[in-house]
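One structure, as structure tokens, below. Some questions next.
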Amino acid sequence: MPLLFLYEGMPKRKNHVSKSALTLKKIFGAIASFLIALGTPLLVVLKLLFSLTIEAGAISLNILAAYFNLILHFLLTINTLLLKATASGRSLLAHFIPRLPKKPLLRRQAKRHPLLAAPPPQKKPLTLPNLARITPRLSLPHPSISLASLASRVSFPAPRPQFLLTISLCFFLLTTFASLQAYLFLTSLPNPHLLTQNTSPVTTKIYDRHGTLLYQFYKDQNRTPIALTNLPPYVSQSVIAIEDKNFYHHPGFDSEAIARAALANSSGTAVQGGSTITQQLIKLKLLTPEKTVIRKIKEVILAFWAERLYTKNQILEMYLNEVPFGGQTYGIEAAAETYFKKPARNLTLAEAALLAALPKAPTTLSPFGSLDKAKERQSSVLNAMVSQNYLTAPEAAQAKSEPLKIAPLETEIKAPHFVMFVKGYLQKKYGPDVLDHGLQVITTLDYPLYESATALLKKGVTAQKYLHVGNGAALITNPKTGEILTMTGSIDYFDSPSDGQVNLTTAERSPGSSIKPLNYALAFERGLLNPSSPIDDIPTAFRVPGQPVYLPQNYDGRFHGRIPARVALGSSYNIPAVKTLEKNGVINFLQFATNLGITSFSDPDRYGLSLTLGGGEVKMTDLATAYSSFANQGEKVDLNPIIQIKNYKGNILESNTSNQFTRRSDSEGGPLATGNSRVLSPRTAFLVSDILADDRARTPAFGPRSNLNIPGHTVSVKTGTTETKRDNWTIGYSFGPDPRLAAVWVGNNDNTPMSPYLESGNTGAAAIWNPIMALLLKDQPNSPIPKPSNLTEVKICALTNTLPCENCPNITTEYFTPGTEPKVACHLIKDDLEKFRSARINRP
């Protein structure tokens, strides 16, 4: 109000205003513009810093939208403030944007606020004497002065472009551009939250059932994460002492170390690097390795950010699991295993100090290349630990004197065919990249047994070179649980010229007669045959529409007349087997074999009656699965190579124990436990197993003392040989609480035939199967075949499959389901004996 009185007393000159008032308005306007120009981008930068340091999250694009909104408000605010400050009616933008009108804006006198016409400030304070001198000059009496009329009579000239305002606007544009660039730079940085996401490949390890490491799978980096709490204290202390002594005190970067490193680089002097452990972690996990100023700036910013997100120990643990230690070795756990063949938790002080020395120059300091240089660096690490009070001088001296036992560099793979089989299993179940996820796989393989069985296989193949046996394969399982105990796909995995890497336990080969038990099992299951059913082994022509006449021959080139099914299967005669398949039907047999586990019978149109003699190729693993149904009273158990799978964090992904294969005591079966499926009745499974264990039933073909006998043990076994002698098999199994199944194949990878003098059941696969099975059953008590309660033994005449009569020369016992046994006796006369002279089997 005093200022208004002062204005009222001024002379009434047109467009007159005090110069001091105008100058003051200009200064205030420039300052306001400058502050807003500076404050707007600063607000954005502060917002970004707030996001980095407090929220520590991703920078939202909403900030950018808010930023441009602030720019608009700034321009409007400048225009409004200076419009009011000058009361000229002209927009500030009119000085810079030519299209805006330069004349004062129209204003209504009635709505004009009197303060807008405030007079310039007085140089002297307004006192009553001064007011008395001014009052007589006023046109209105003092008590009734009108502010509105005063404002209407005072006008000011329009201001011209001001130098300070121009500078402030330029400064605003510059800071806007700089802020935008800062925003784009910060938003381009990777998020430190990614540090806890395991983006680095982690080694997958395959173990046998006893914990023996079979192999490690990794592409470029062999890494096994380990928790910091599982390491001895001196492991982390040695790393901190040599890499970042101020680790627990800096905010992620060490400005003194950076300056020292920069000075050393400019002078050419080699000193300790300027990167902290946090910076090294950022460089390893989030940034590229090029050496540029921009990357260094990013490294510092991200290190500072990471320290806001994680504790020091979390950062140290991530670093120890990420840092390279030479070659393909990454992380302290993999380094301990590579150089000392022990887990990192068992490292000694001397060993830990040596490993801490390696990250500076892993190749130059590698103990494999230069142990002396590594020892020198180890000494520096121990000295640093003493200077930083982690160790005493005597402790360091003792560690320096400790001899280091560097393990030889090994790339050995144990049980290679099995390991690759497990690899395929994992990739099929968990995806193609699963081997980079750090799985700890405990398998069912018994490595000591594998070594013994493989040695017997190699010995047997070598001993039969004279029979042109060039290769062999062996598979041992527990038919009760499906566990694969050994798998040898060839005698030499590394024999590339002979395709040694081909796993013949999973390759498709002709099974020969080893497929016959499945054929007879189907006939027993359908009630078409029983073990005593007579079958004529005589020359027979089989006619199938659209196919040539089929005239099968027996292995020995002879015909054996009417024989019981027991002898036909036990001695592996071909003509009775073809007749049995004709009864079953090829389509029915294909479906039945598939149910038992044969996966290769895919196209029914490809197969005919020769299928029962090996006319369709199968895998050894499939045949082992099918035979396990006979050993398990009709329950099929799929082969299983896995006991347990854990991820690198220790979480169990898969666990297979024997408990899941618990069986019912009910001989007739019923609902099955998880992991099983019933494919046969216990009756059929028993009958097939009993025939395959009957030495008298196979004596006509193999002799009384063949390699199919394991003295003191009940073993069911079957051979198989192709007509051209390209494949020879023996597969057999035992019984009891801990049974074993062993399958052996011999032949040649190039499919060339073996010698025609190879004698199935005595040479070839049987000569290898016998010592393997004897090894498996050594020191084990004999276990008989478990007999179902719904079978009864009846004495019959083997020649007629009837109750015995006076002239029957071969009276034996056979198993029948109650109600199906013979009801009448035979009526043989002496002339009939000549007719059935070939039936000489007497099974008491």
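Going through the stretch 391-419 one residue at a time, which ones are at negative phi and buried (at least 19 other Cβ atoms within 10 Å of the Cβ)?
If the condition is that a residue be at negative phi and buried (at least 19 other Cβ atoms within 10 Å of the Cβ), then L391, A396, A399, P416, H417, F418, V419 are the ones that fit.
Which of the residues that make up the stretch 287-343 are among the hydroxyl-bearing types (S, T, Y), surrounded by 15 or more Cβ atoms within 10 Å (Cβ to Cβ) and either more than 27 Å from the chain's Cα centre (by Cα) or not in a helix (DSSP H, G or I) (or both)?
Passing the criteria: Y310, T329, Y330.
Among the residues of the stretch 669-689, are any more than 27 Å from E483 (Cβ to Cβ) and either part of a helix (DSSP H, G or I) or touching a residue at least 24 places away in the same chain (Cβ under 8 Å) (or both)? Before the answer, list the steps.
In the first step, residues of the stretch 669-689 are kept if they are more than 27 Å from E483 (Cβ to Cβ); the result is none.
No, the stretch 669-689 has no match at all.
Aromatic (F, W, Y), modelled with pLDDT under 95 and part of a helix (DSSP H, G or I) - does that describe any residue in the stretch 356-379?
No: zero hits.
Within the stretch 425-455, track down each residue that is touching a strand residue (DSSP E or B) at 6+ places or on another chain (Cβ under 8 Å) and of a type in the set (A, V, I, L, M, F, W, C).
Across the stretch 425-455, the qualifying residues are L426, V434, L435, L439, V441, I442, L445, L449, A453.
Of these, Y757, Y733, which one is of a type in the set (F, W, Y) and at pLDDT 95 or above?
Y733
Per-residue answers, yes or no, for (1) in contact with a Pro (Cβ under 7 Å, 6 or more places away or on another chain); (2) surrounded by fewer than 21 Cβ atoms within 10 Å (Cβ to Cβ); (3) hydroxyl-bearing (S, T, Y):
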residue: T724; (1), (2), (3): yes, yes, yes
residue: N728; (1), (2), (3): no, no, no
residue: I731; (1), (2), (3): no, no, no
residue: G736; (1), (2), (3): no, yes, no
residue: N748; (1), (2), (3): no, yes, no
residue: N751; (1), (2), (3): no, yes, no
residue: G764; (1), (2), (3): no, no, no
residue: N770; (1), (2), (3): no, no, no
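Pick from the stretch 224-261 the residues that are under 24 Å from L347 (Cα atoms) and among the acidic types (D, E): which of them is surrounded by the most Cβ atoms within 10 Å (Cβ to Cβ)?
D244
Could you grab me the full set of residues in the stretch 384-440 that are of a type in the set (D, E), out of contact with any helix residue (DSSP H, G or I) (no Cβ under 8 Å at 6 or more places or on another chain) and part of a loop (DSSP other than H, G, I, E, B)?
Passing the criteria: E410, E412, D433.
Regarding A521, is this residue buried (at least 23 other Cβ atoms within 10 Å of the Cβ), of a type in the set (G, A, S) and either more than 34 Å from the chain's Cα centre (by Cα) or at positive phi (or both)?
Answer is yes for this residue.
Further, regarding this structure: How many of the residues making up the stretch 199-215 are polar (S, T, N, Q) and surrounded by fewer than 18 Cβ atoms within 10 Å (Cβ to Cβ)?
Narrowing the stretch 199-215 to residues polar (S, T, N, Q): 199-200, 203-204, 212.
Next, only the ones that are surrounded by fewer than 18 Cβ atoms within 10 Å (Cβ to Cβ) stay: 199-200, 212.
Here the count works out to 3.
With respect to L456, is the statement that it is farther than 27 Å from I645 by Cβ, among the aliphatic types (A, V, I, L, M) and exposed (fewer than 14 other Cβ atoms within 10 Å of the Cβ) true?
no
The values are calculated or read from the model by the stated rules, or taken from the named source; none is laboratory data. The structure displayed is predicted, hence computed values, not measured ones. Counting neighbours? That spans all protein chains shown, and the Cβs are built from the backbone with ideal geometry, glycine included.
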